[in-house]
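Trainee: The following block contains the structure, expressed as structure tokens.
The values are calculated or read from the model by the stated rules, or taken from the named source; none is laboratory data. Keep in mind the model is a prediction, meaning the values are calculated, not measured. Using ideal geometry, Cβ is built from the backbone for each residue, glycine included, and neighbour counts are taken over all protein chains shown. All accessible areas refer to the heavy atoms of the entire protein, side chains included, with ligands and DNA or RNA removed. Shrake-Rupley method; radii C 1.70, N 1.55, O 1.52, S 1.80 Å.
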Amino acid sequence: MKILVAIKQVPDTATQVKIGAGGKAIDTAGITWIVSPYDEFAVEEALRVKEKRGQGEVVAVCLGPDRAKEALRSCLAMGCDRAIHLNDPAWTAADTLTTARALAAVIKQEQPQLVLCGRQAIDDDMGAVTAQLSEVLGWPCAAWIMEESVDADGKNVRAARQVEGGLEVFDLPLPAVISAQKGLNEPRYPTLKGIMGAKKKEIKDVKASDLGLGAEPPQLSVVALEALPPRPPGRVIQGDVATAVKELVRALREEAKAI
Amino acid sequence: MDFALTEQQELIRKEVATLARSFSADYWLEKDRSGEYPWEFVKAFAAGGWLGVVIPEEYGGSGLGVTEAAILLHEICVAGAGTTGASPIHFYVFPPMPVVKHGSPALKERYLPAIARGDSVMSFGVTEPNAGTDTSRIETRAERLGDRFVVNGRKVWNTNARQATHILLLARTAPRDPAKPFAGLTLFFTPFDRTKITVREIEKMGRRAVDSNEIFIDGLEIPATDIVGEVGRGFYHLLDSLNPERVLTAIEAVGIGRAAIERASQYAKERVVFGRPIGQNQAIAHPLAQAWAKLEAAELITMKAAWLFDHGRPCGAEANTAKLLAADAGFEACDVAVQTHGGYGYAKEFHVERLFREVRLYKIAPVSQQMVLNYLSEHVLGLPKSY
């Protein structure tokens, strides 16, 4: 079974984000880049499906600039068999729909039986690509999945997501698109052998023209980024405990309206 | 000249950092309190294949160099693991090095795969109570009896001896010749036979979870097949362990210093006294900046020494210089970090107290700062030997 995992390279979760000079993008200077954590669940699940079936191929795909190669290399180090890097100036301002169309074009070429994504990237938190991708492909889609199993003959996948008070379980005919929620698995750390092996694996560069796509104006454009207003200072309530507690309860109830 | 890490080295750096940071500062604080060996940490690194970093690929390792091992230990220390985390890992790097470089194929086949998997735990048996840095005067003797040697003597400062399954052991096999004092020493790599070796732990200032010991060897039998390299040339084989050891301990001191500076800088940004963060005061900021600059310089010479070693070039001057500068830089960084924290720096829960105790070791081990200066005076500057 061929499985394709779509990943995104995002700033490390510990990054102190600053707005860039134009006010429409973040300042990327000095940022450490990582594979978006939800996408790591998707990579891990793809590897587990392959391992459980004892055969198959896992292909990682990423749309992004040159630096995105590092993210693909990390996926190869985790155990993906090869990678495809969608890298073209035409995609510099790609919105979610453009990204979904590019991914769909690769998927039509690769013809995987299963596509896995993270439920959303942790940078812009759009969470739209999975749905748009399955729409462009005309494939079934199950999002925010916490449990998954592909049946023995590789025709269907059963996927479950958490809803209030329980699990909602779906059966999808393959090929299908699934997006991973936290809890699906615990992603492995790449081993040293995996890192060394990653060097020998292929990362194929693909341009828009290779997929028969041209530059298209984004459907969605950023008007402005605004920083959050600074947090107002806290307040220390003075006095003996009994009075202070009374004042705290009053402030929580009447001022903060928290209780 | 190229100072950049290769793509693979960068990936190693990143992944080790992620794995090492999955063990919190509180994990290390608890190990320091209980004195329990950090098995969970060692096993996590074994599972990732990291312990075989310098073991050749044909023996189950990754066949990388001291440069990659230095990146590994640097990130372990930057993550806050301190000497407690670094020591158990670095024992998979420099004690096997003479076996890798000089061992017979049979010896390598017998021991290296288990080291690469992390199934063996190693102890390093060189230093002796009556010899110290004067290795030519060690008194542990190995006497040949047919196809085996019988060893008697004692060693001190054996790290890991409580857990060890194997020991790299230096013993005299011929009397000391004042004209050639380093000849007549033989190196063995052999199972740690607890029926013949008695271990007495030494209580110490830091790194409580990783034991240091005095060991007493009484009639330990070693088959001749466990000799590393040639009989009588053990000291020279050992040099392939000692220079990497200096490089790795140097990079550990740098990493520990960085961990301390990171904590102190964070604290200096958050701690508000007299209406502003204390880091706004230059009396706080400048020592931190100075310490950072010294760490940066020490790291450069350390990586240069690693590069020289990996390229088969002489690296004695650089490896010794690295250890000298890194031990001082690491210590200064931890000292400044404690000072930045004020009274809280003295409290265990802020973690710099542990790093301060641990980093002190590097001014003494694996060789004292003073002996490094003697080495540089004599071997680099050509000055007469003073002792």
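Trainee: Which condition breaks for residue A:183 when tested against (1) in contact with a helix residue (DSSP H, G or I) (Cβ under 7 Å, 6 or more places away or on another chain); (2) under 30 Å from residue B:22 (Cβ atoms)?
Mentor: With (1) in contact with a helix residue (DSSP H, G or I) (Cβ under 7 Å, 6 or more places away or on another chain); (2) under 30 Å from residue B:22 (Cβ atoms) applied to residue A:183, the lone miss is (1).
Trainee: Does residue A:200 fit the bill of being in a loop (DSSP other than H, G, I, E, B) and open to solvent by 50 Å² or more (accessible area, probe 1.4 Å)?
Mentor: So residue A:200 fits the description; yes.
Trainee: Residues that are in the same structural domain as residue A:55 (by TED's automatic domain parsing), surrounded by fewer than 19 Cβ atoms within 10 Å (Cβ to Cβ) and under 16 Å from the mean Cα position of the chain (by Cα): does the stretch A:146-156 have at least one?
Mentor: yes
Trainee: Is it the case that residue A:171 is outside any loop (DSSP other than H, G, I, E, B) and of a type in the set (D, E, K, R)?
Mentor: In short, yes.
Trainee: Considering every residue within the stretch B:308-318, establish whether at least one is at pLDDT below 95, small (Gly, Ala, Ser), closer than 25 Å to residue B:4 by Cβ and open to solvent by 40 Å² or more (accessible area, probe 1.4 Å).
Mentor: Within the stretch B:308-318, one or more residues are at pLDDT below 95, small (Gly, Ala, Ser), closer than 25 Å to residue B:4 by Cβ and open to solvent by 40 Å² or more (accessible area, probe 1.4 Å).
Trainee: Would you mind finding the one in A:120, A:113, A:109 that is surrounded by fewer than 20 Cβ atoms within 10 Å (Cβ to Cβ), modelled with pLDDT of 95 or more and either in contact with a Gly (Cβ under 7 Å, 6 or more places away or on another chain) or among the aromatic types (Phe, Trp, Tyr) (or both)?
Mentor: A:113
Trainee: Those residues that are out of contact with any strand residue (DSSP E or B) (no Cβ under 7 Å at 6 or more places or on another chain) and buried (at least 23 other Cβ atoms within 10 Å of the Cβ), I need them from the stretch B:101-113; list them, please.
Mentor: B:112, the sole residue that qualifies.
Trainee: Of the residues that sit in the stretch A:210-224 and are open to solvent by less than 90 Å² (accessible area, probe 1.4 Å) and over 21 Å from the mean Cα position of the chain (by Cα), which one is nearest to the other protein chains (Cβ to nearest Cβ)?
Mentor: So, considering only residues that are open to solvent by less than 90 Å² (accessible area, probe 1.4 Å) and over 21 Å from the mean Cα position of the chain (by Cα), the one nearest to the other protein chains (Cβ to nearest Cβ) is A:210.
Trainee: Of the numbered conditions (1) outside any helix (DSSP H, G or I); (2) in contact with a strand residue (DSSP E or B) (Cβ under 8 Å, 6 or more places away or on another chain); (3) more than 14 Å from chain B (Cβ to nearest Cβ), residue A:55 fails exactly one; give the number of that condition.
Mentor: The number of the failed condition is (2).
Trainee: Residue A:183 - would you say it is surrounded by fewer than 18 Cβ atoms within 10 Å (Cβ to Cβ) and within 30 Å of residue A:48 (Cα to Cα)?
Mentor: Considered against the rule, which asks whether it is surrounded by fewer than 18 Cβ atoms within 10 Å (Cβ to Cβ) and within 30 Å of residue A:48 (Cα to Cα), residue A:183 comes out as yes.
Trainee: A follow-up question, please. Please find, among B:70, B:86, the residue that is small (Gly, Ala, Ser) and either closer than 20 Å to residue B:7 by Cβ or open to solvent by 10 Å² or more (accessible area, probe 1.4 Å) (or both).
Mentor: B:70
Trainee: Considering the stretch B:137-180 alone, what residues qualify as being under 16 Å from residue B:198 (Cα atoms) and among the charged types (D, E, K, R)?
Mentor: Hits for the stretch B:137-180 are B:154, B:155, B:162.
Trainee: Would you check which residues across the stretch B:272-301 are part of a helix (DSSP H, G or I) and either modelled with pLDDT under 95 or farther than 30 Å from residue B:247 by Cα (or both) and list them?
Mentor: B:278, B:279, B:280, B:282, B:283, B:284
Trainee: Being at the interface with chain A (Cβ under 10 Å from one of its Cβ atoms) and loosely packed, with under 14 Cβ neighbours inside 10 Å is the filter here; which residues of the stretch B:8-44 pass it?
Mentor: Residue satisfying the conditions is B:22 alone.
Trainee: All but one of (1) closer than 24 Å to residue B:286 by Cα; (2) outside the structural domain of residue B:299 (by TED's automatic domain parsing) hold for residue B:387, so report the exception by its number.
Mentor: (1)
Trainee: Condition first: under 19 Å from the mean Cα position of the chain (by Cα), polar (S, T, N, Q) and either on the phi > 0 side of the Ramachandran plot or open to solvent by less than 50 Å² (accessible area, probe 1.4 Å) (or both). Now tell me which residues in the stretch B:341-387 satisfy that.
Mentor: Hits for the stretch B:341-387 are B:368, B:369.
Trainee: Among B:48, B:65, which is of a type outside the set (Asp, Glu) and free of Cβ contacts under 8 Å to residues at least 40 places away in the same chain?
Mentor: B:48
Trainee: If you don't mind, another one. Please go through the stretch B:46-60 and give me each residue that is at the interface with chain A (Cβ under 9 Å from one of its Cβ atoms), surrounded by fewer than 24 Cβ atoms within 10 Å (Cβ to Cβ) and assigned to a helix (DSSP H, G or I), ordered by number.
Mentor: B:47, B:57 - these are the residues of the stretch B:46-60 that are at the interface with chain A (Cβ under 9 Å from one of its Cβ atoms), surrounded by fewer than 24 Cβ atoms within 10 Å (Cβ to Cβ) and assigned to a helix (DSSP H, G or I).
Trainee: From the set of residues in the stretch A:79-102 that are in a helix (DSSP H, G or I), out of contact with any Phe, Trp or Tyr (no Cβ under 8 Å at 6 or more places or on another chain) and open to solvent by 10 Å² or more (accessible area, probe 1.4 Å), which is nearest to residue A:222 (Cα to Cα)?
Mentor: A:96
Trainee: Shifting gears a bit: Please count how many residues of the stretch A:67-100 are within 14 Å of another protein chain (Cβ to nearest Cβ), of a type outside the set (A, V, I, L, M, F, W, C) and closer than 18 Å to residue A:25 by Cα. It would help to see each step written out before you state the result.
Mentor: So in the stretch A:67-100, the residues within 14 Å of another protein chain (Cβ to nearest Cβ) come out as A:67-80, A:83, A:85.
Okay, now just the ones that are also of a type outside the set (A, V, I, L, M, F, W, C), so A:67, A:69-70, A:73-74, A:79, A:85.
Keeping just the survivors that are closer than 18 Å to residue A:25 by Cα gives A:67.
Number satisfying all stated conditions: 1.
Trainee: Please tell me if residue A:35 is within 14 Å of another protein chain (Cβ to nearest Cβ) and under 18 Å from the mean Cα position of the chain (by Cα).
Mentor: Yes.
Trainee: Need pairs with beta-carbon distance below 6 Å; first residue touching a residue at least 40 places away in the same chain (Cβ under 8 Å) and within the stretch B:4-29, second among the polar types (S, T, N, Q) and assigned to a helix (DSSP H, G or I); sequence gap 6+ or separate chains.
Mentor: B:28/B:84
Trainee: Evaluate the stretch B:251-272: report whether one residue or more is surrounded by fewer than 22 Cβ atoms within 10 Å (Cβ to Cβ) and either closer than 30 Å to residue B:147 by Cβ or among the aliphatic types (A, V, I, L, M) (or both).
Mentor: yes
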